[in-house]
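Data block below; observations after.
Taken together, the values in this text are just the output of simple stated rules run on the coordinates, not laboratory data. What you are looking at is a predicted structure, and each value in this text was computed from that prediction instead of being measured. Note that we place each Cβ from the backbone using ideal geometry, even for glycine, and neighbour counts take in every protein chain shown.
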Amino acid sequence: MSGKEIENGNLVHDGIRVLGSMGDKACPLGCIYCFVNAPGYQGPGKVDTPDGMQELAYNIEGGNIKIIQPVCDMELFLVKNWPEKLMQLTTHGLSIDISTKLALEKNEIEHLKAVDQKLKEQGALLHVAVSLTRLHDWKEIEQFTPSSEQRIVTAQKLSEAGIATSIALRPTLPFVSAGEFEELIQRTAPFVDSYLSGPLYLTPKMKQYMNTKHPDYQVEIFSPKWMKGKPKIEAVNTYNAVAVVKGIAAQYERPLFDSTTQVVEYSILKRRPKP
Ligand code: SF4
């Protein structure tokens, strides 16, 4: 496989991070803002196939890739044989980033801890972003996900297991009050490394929700670098909400980033053993 073929491959990479997907189905959790189930979405190729593994290896050999994000459009923990698949990825010796909305069980956290240990032996780490968009009324937009309380418990358990953990306030919801954001950050800052903001894409269901509940919103056009084909997508302008969250996080001495790569790089630096 030549370098040109890799550039045109099925995985997506931005020079530092490689993104793939796993499993055979679209995510069943059905968050209404999620592009995965929106018409026309084209995700990155599968990384858990022989071709995907080969392409991943070529991407890594050919550049400065530091982070593997193996599942960006599915819950890893709903993928069959995820423990073996995740452990297999540790052979590359690069940091791995995953995100979740699920309430993880003790054995799942134990497995993640084993993956993290394996990576730390190679100078890398596992980073987990627990996705938590708000504390209250989450069911309006995330009908099938565990409660915010359960996700906070999961984040704390991950952190106590020594795993670099962040909170993905992603999408950053412009209709959540500063008080609710503050409560969320106040409760999670003691055990997370950082926070992650993100766009609120106007999927058909999200648009309907906004038009009904919060019609006074402004639209922006995004072209996410990491989405195959780089389509132009409508999103809600969340500039003010991100500024509010950033200010609150700073009060609790935690940074807010808008890119997954930055969040992982921050945890790598923060947790690097001191000479
Ligand atoms: S859990 Fe994640 S991948 Fe699944 S629908 Fe929600 S946002 Fe999309």
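Of Met87, Met206, the sequence from fewest to most neighbouring Cβ atoms within 10 angstrom is Met87, Met206.
Within the listed set Ile233, Ile248, Ile185, the Gaussian network model of the chain (springs between alpha-carbon atoms below 10 Å) gives the highest mean-square fluctuation for Ile233. Over all other residues within a Cβ to Cβ distance under 11 Å of Cys27, the charged ones net out to 0, with Lys and Arg as +1 and Asp and Glu as -1.
Looking at the square roots a ≥ b ≥ c of the eigenvalues of the Cα gyration tensor of the chain, which shape do they give, rounded for a/c under 1.5, prolate if a/b is larger than b/c, or oblate? Cα axes put the chain in the oblate bin.
Residues whose amide H lies under 5 Å from that of Ala129, counting only those 5 or more places away or on a different chain, are Ile98, Ser99, Thr100, Ser166; hydrogens are built 1.01 Å from N in the peptide plane.
Under a Gaussian network description of the chain, with springs only between Cα atoms under 10 Å, the residue in His127, His13, His92 that fluctuates furthest is His92. Computed from the Cβ-Cβ distance with R0 of 35 Å, the FRET efficiency linking Asn211 to Asn10 stands at 0.45. Counting only DSSP H runs of at least 4 residues, each contributing -39500 (n - 2.57), and dividing by the residue count of the chain, the helix-based mean residue ellipticity at 222 nm comes to -11000 deg cm²/dmol. Among Arg170, Arg134, Arg187, the residue with the largest mean-square fluctuation in a Gaussian network model of the chain, with springs joining Cα atoms closer than 10 Å, is Arg187. Gain on full extension, evaluated as 0.36 nm per residue between Gln262 and Glu180 minus their Cα-Cα distance, stands at 27.0 nm.
At most 15 other Cβ atoms within 10 Å and a DSSP loop assignment: could you name the trypsin sites (Lys or Arg not before Pro) in the range 194-231 that fit? Here the trypsin sites (Lys or Arg not before Pro) that fit, given the DSSP loop and packing criteria, are Lys225, Lys228. Loop-located GluC sites (Glu not before Pro) in the range 57-159 (DSSP state not H, G, I, E or B) with no more than 11 neighbouring Cβ atoms inside 10 Å: Glu121. Checking every one of the GluC sites (Glu not before Pro) in the range 181-275 against DSSP loop status and a limit of 10 other Cβ atoms within 10 Å picks out Glu253. Overall shape: prolate for the range 130-217, with the ratio a/c of the largest to smallest alpha carbon gyration tensor axis at 1.5 or above and a/b above b/c.
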